[in-house]
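Data first, discussion second: the structure below is written as structure tokens.
The values are calculated or read from the model by the stated rules, or taken from the named source; none is laboratory data. Every value quoted in this text rests on a predicted model; they were computed, and no experiment measured them. FYI the Cβ positions are ideal-geometry reconstructions off the backbone, even for glycines, and counts take in every protein chain you see.
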Amino acid sequence: MKNTFMQKIQGLLFAALFGLLPYTSQNLIAQQYGSPIAPEITFDKSLLEPDGTFTEQSLPKFLAKAYSEKKLLNDDFSKEVCIKAKKRGVQGSFNTVQLFEVTTTCRPGPASIYIVKEAKNGIEETINLKAIEQYPGMKELITPHVPPKGFPNVALPIAYFSYPAGYGLHYIAAMPAAKGKVLCELVVTFRDNQSPQNEERIKRAYKILGIELANFHRRFIHGDFHYFNVFYDEIGGHFTLIDNETIKKAANLMSTADDTLKLFLGLFSTSEPEARKDIIKGIDLKKWHELAFKSFIEGYISTYATSEQKQVLQDLKKMFNSDEKYPWLHIDAAKLQELRTKYINPIFDEIQKGLK
């Protein structure tokens, strides 16, 4: 990944972050691409919220204006009248300023659904996402491509924009909506109705998640792998990863532990948002680990040759018992020891007995 393209991107990012480019003209970064990286669109500020964000009424006007100015070439945004925006909450995310689900019927056929979002670190995220598109092995995973069997999709924007409001520019991105529902919704459904049918749904989902994350880890690390950043298409039995800017930040990490541990230990970390932890509130922890954790680990190791599975299992067990510190992981030592002793390690030992 250390090629000329990436070096230029890193240099531009450094310049933007440390003020070597004027804030109002940061789209000069576009020289790398031959066109603005996030074309600036002048928009009627009276149509915005006081904090400079969109309303459900103003976002369709903005998208149609971007299309009319040829800064958005997708015909799904050709007319305001056929664009509908629904504002979504940003609970569970530290980084999202505004989030909308956009449905368009501008073209014949079924409606198309997109996600439009603004990140707090908008210019940095835009540059990082553009860089991620260039990573070897990434293109075939990007939505709407059908990825190789056993791999997840990665949702990346089809377009980036900026608009002036308040003290500077807001940077927003538009991307195809991920299929299915965010993983936390499936878990909450099980939490509220722990029927045998829902138990099987959890087991199936987590086994598939283990398989797809293991294959993804052969190429990349996500860096912010939690229940609000993973979408599950239950019908197709497939996952899509969102909020993927952290792939760039995690590119130099040597371990996949951050992803794997956050998925499970993150549910108990006091530093994580309440919205992430409440999804298993009321579920018996023994049952939870037997259904979700065990299925995930079985799926993960199944992607390796039979001769390698014991070692991979041992590596995962060591990972979950490591004293390594993570900035997001704040669990009382006694609680962490209880999780390991009563729930996590017995699962590892049980799986190991079944391996050849």
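Some observations on this one:
- In summary, Leu355 fulfils each of the numbered conditions (1) more than 19 Å from Ala214 (Cβ to Cβ); (2) touching a residue at least 24 places away in the same chain (Cβ under 8 Å) with the single exception of condition (1).
- Residue ID - modelled with the lowest pLDDT, chosen from residues in segment 89-114 that are more than 26 Å from Tyr167 (Cβ to Cβ), of a type in the set (Val, Ile, Thr) and in contact with a strand residue (DSSP E or B) (Cβ under 7 Å, 6 or more places away or on another chain): Ile113
- Only one of the listed residues (Asp323, Asp315) is without any contact (Cβ under 8 Å) to a residue 60 or more places away in the chain and either within 16 Å of Lys262 (Cα to Cα) or not assigned by TED's automatic domain parsing to the domain that holds Asp259 (or both). That residue is Asp323.
- You will find that of Ile235, Ile221, Ile202, the residue that is assigned to a loop (DSSP other than H, G, I, E, B), surrounded by 19 or more Cβ atoms within 10 Å (Cβ to Cβ) and aliphatic (A, V, I, L, M) is Ile221 and no other.
- Some residue of segment 160-174 being modelled with pLDDT of 90 or more and either surrounded by fewer than 18 Cβ atoms within 10 Å (Cβ to Cβ) or under 14 Å from Ile247 (Cβ atoms) (or both): yes
- Restricting Ser295, Ser322, Ser271 to those that are of a type in the set (Gly, Ala, Ser) and outside any loop (DSSP other than H, G, I, E, B) reduces the list to Ser295.
- Qualifying residue in segment 312-324 (condition: within 24 Å of Lys207 (Cβ to Cβ), modelled with pLDDT under 95 and either aliphatic (A, V, I, L, M) or surrounded by 13 or more Cβ atoms within 10 Å (Cβ to Cβ) (or both)): no
- Among (1) farther than 26 Å from Phe151 by Cα; (2) outside any helix (DSSP H, G or I), the one test that Tyr304 misses: (1)
- Residue pairs meeting the criteria (Cβ under 6 Å; at least 6 apart or on separate chains; first in contact (Cβ under 8 Å) with a residue 60 or more places away in the chain and crowded, with 20+ Cβ neighbours inside 10 Å, in segment 283-309; second among the small types (Gly, Ala, Ser) and assigned to a helix (DSSP H, G or I)): Phe296/Gly210; Gly299/Gly210; Tyr300/Gly210; Tyr300/Ala214
- Here Phe190 qualifies as at pLDDT 95 or above and not in a strand (DSSP E or B).
- Only one of His217, His222 that is in the same structural domain as Glu298 (by TED's automatic domain parsing) and free of Cβ contacts under 8 Å to residues at least 40 places away in the same chain: His222
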